[in-house]
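Written out below as structure tokens is the structure these notes cover.
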């Protein structure tokens with residue numbers, strides 16, 4: 001199977017808003033249909049076929065953990081034979097936990113908060129750290145760190161969930177087949193490994209397989225529950241919320257401890273929010289409200305009715321509620337469903353890492369897009385294998401699913417509290433909701449705090465494992481974020497860049513007479529269309545720097561004529577090079593240059609024949625690689641091209657839509673090459689050939705006359721004594737990670753014989 005790769009290693013540090021230069025009006029109309037549709041825009045009334053497909057897949061991916069909780073929740077709550085009032089009270093707690101926390105808090109409110117279609121704590125952090133938020137820079141950094149902490153805890157939970165799900169499934173199968181008891185752990189480890197290996201197929205294909213299986217599972221849960229409720233209708237009293245409060249008041253300390261077990265009924269809830277980018281809010285909502293919630297609800301009621309009738313069956317109320325003739329089929333179906341249950345947290349982990357890379361909170365892992373219809377369906381192989389190894393270690397260390405359950409819950413509760421806090425901040429600073437809305441939503445914070453306090457007793461008995469794993473993820477994420485912020489600060493202070501609008505003035509090329517040749521000219525370009533814009537994650541603000549010699553309203557403006565690239569290069573030999581005075585401004589304002597030569601150093605520079613292509617991430621300024629080349633080589637190429645690679649939210653980009661070209665002076669060009677998220681074979685020479693063929697840029701066909709200059713950053717941490725090492729240990733770890741994941745043009749296919757790497761030494765303190 002072909003898997004599409006996208007590299008998100010080096011996001012643009014400037015705001016990005018690009019208009020596509022189109023050739024004809026008909027092209028504009030024909031290409032509108034290719035625009036990508038975010039899954040957050042998919043509703044039952046719009047894109048019905050896609051909505052149904054996403055809903056079925058979400059059932060198989062997202063709700064496996066919540067859907068298999070009836071297997072173990074009630075027998076975890078009771079370690080004794082309960083009476084009727086205790087059964088009704090416990091079931092009432094479960095029902096209202098599902099209604100309040102899942103249906104109201106997450107399905108209705110939390111899913112509203114998305115960042116360009118993505119969910120999870122990083123989505124909330126991105127909203128709060130955007131330019132629309134009025135919070136201070138220090139506060140935004142604290143919020144980012146909170147987002148890193150929440151994501152790290154969820155990743156720690158991602159290492160536990162597959163282990164507890166698979167081992168519980170195999171142990172349940174061994175109960176019916178005692179001969180398998182000694183092989184539970186080896187079989188469980190093999191299944192865990194296979195589960196992670198199939199992730200490369202992608203969410204869409206996995207959902208096609210898992211979705212129908214889970215639909216059959218939920219149908220069985222619903223039918224069994226309805227059947228049992230009809231035998232003991234008194235269990236319907238559990239719908240009364242007073243039964244839940246009365247149970248907590250009567251049981252007191254034991255009821256407080258049992259809240260941690262009740263919380264197991266909503267496991268996988270944070271993964272539901274993190275998987276928002278995979279399926280969209282409306283498919284998730286409808287799947288929960290019309291399929292998963294009724295099935296799980298009535299199955300809990302059915303188990304409660306069984307215990308009211310016969311409390312001695314508390315050892316395994318789920319399978320005791322199953323008719324005898326269907327016992328073995330349900331055992332097999334439950335085993336498969338339990339294995340599937342860990343899928344939600346795995347896909348959620350991929351989404352979190354994808355957002356973390358974009359927010360500079362994670363090393364630039366290689367990311368694969370597994371769908372050409374849904375941009376949020378991704379696969380991160382490095383994280384996949386890390387979670388696989390951790391899950392195998394956890395399974396081998398604990399040995400059984402029951403022991404791992406003791407470590408389960410605390411990290412998820414912590415993530416839920418952080419999510420609630422960030423959501424309250426979004427309501428206040430982004431949506432500007434009135435104070436009484438914020439106060440009403442704060443009730444969920446009290447519920448989360450009470451649940452966290454109950455789950456805290458699990459920390460000594462195994463909860464520390466998830467905390468330790470989450471802490472390791474947090475250290476790596478924090479060090480990368482801290483190092484990236486220091487690197488950006490260093491480049492801003494110590495590195496010289498020039499505005500592209502003033503570059504010709506700085507190089508002394510502004511007053512040169514334009515060469516004309518009647519045989520060669522740039523083609524006339526139409527006005528830039530705004531009807532078929534490709535919108536990007538960061539920004540959509542207009543910028544004069546985005547336009548390439550924009551025409552006037554009468555469409556009469558012509559691009560300047562240039563000679564053939566062959567004549568131009570052949571007629572300018574090395575012997576005819578001439579000196580160009582230019583200056584390196586010592587001012588901190590990079591957009592301002594001066595023509596005086598009395599106060600600054602003058603570096604003699606010559607124009608050398610050939611084409612120099614400088615890779616860049618900016619659309620307004622020269623890259624650092626160009627400035628370093630200029631400073632040390634004292635020369636400029638005859639034709640200067642700044643090449644910027646930009647990934648869009650479309651799956652593919654047509655060649656006629658590929659390029660956006662801006663011209664500065666006679667032979668200075670800025671090219672933005674647009675690529676879809678499913679396109680990963682980026683070849684700069686093909687881009688230059690396309691610019692030559694379509695826009696007649698002075699680029700030779702012979703690639704030997706083209707030199708590509710790529711950036712290379714070297715991190716050095718300043719140290720003075722051992723005390724300095726203690727203060728700067730995050731930078732040391734960052735420098736190590738940076739050497740492993742440089743994040744610079746790794747996805748660009750370059751020819752070593754015609755590529756020059758120019759480095760910059762960043763001394764961080």
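Every number here is computed from the coordinates shown, using simple stated rules; none is lab data. Predicted model, so just to flag it, every value in this text is computed and none were measured. Glycine also receives a Cβ, built like all others from the backbone with ideal geometry; neighbour counts cover every protein chain displayed.
Details
- Least to most buried among 702, 275 (fewest other Cβ within 10 Å first): 702, 275
- Scattering profile of segment 295-425 at q = 0.18 Å⁻¹ [log10 I(q)/I(0), Debye over alpha-carbon scatterers]: -1.21
- Kirkwood-based shape ratio for segment 38-485, expressed as Rg/Rh from alpha carbons: 0.95
- log₁₀ of I(q)/I(0) at q = 0.11, 0.19 Å⁻¹ - segment 631-765, Debye sum with one point per alpha carbon: -0.55, -1.14
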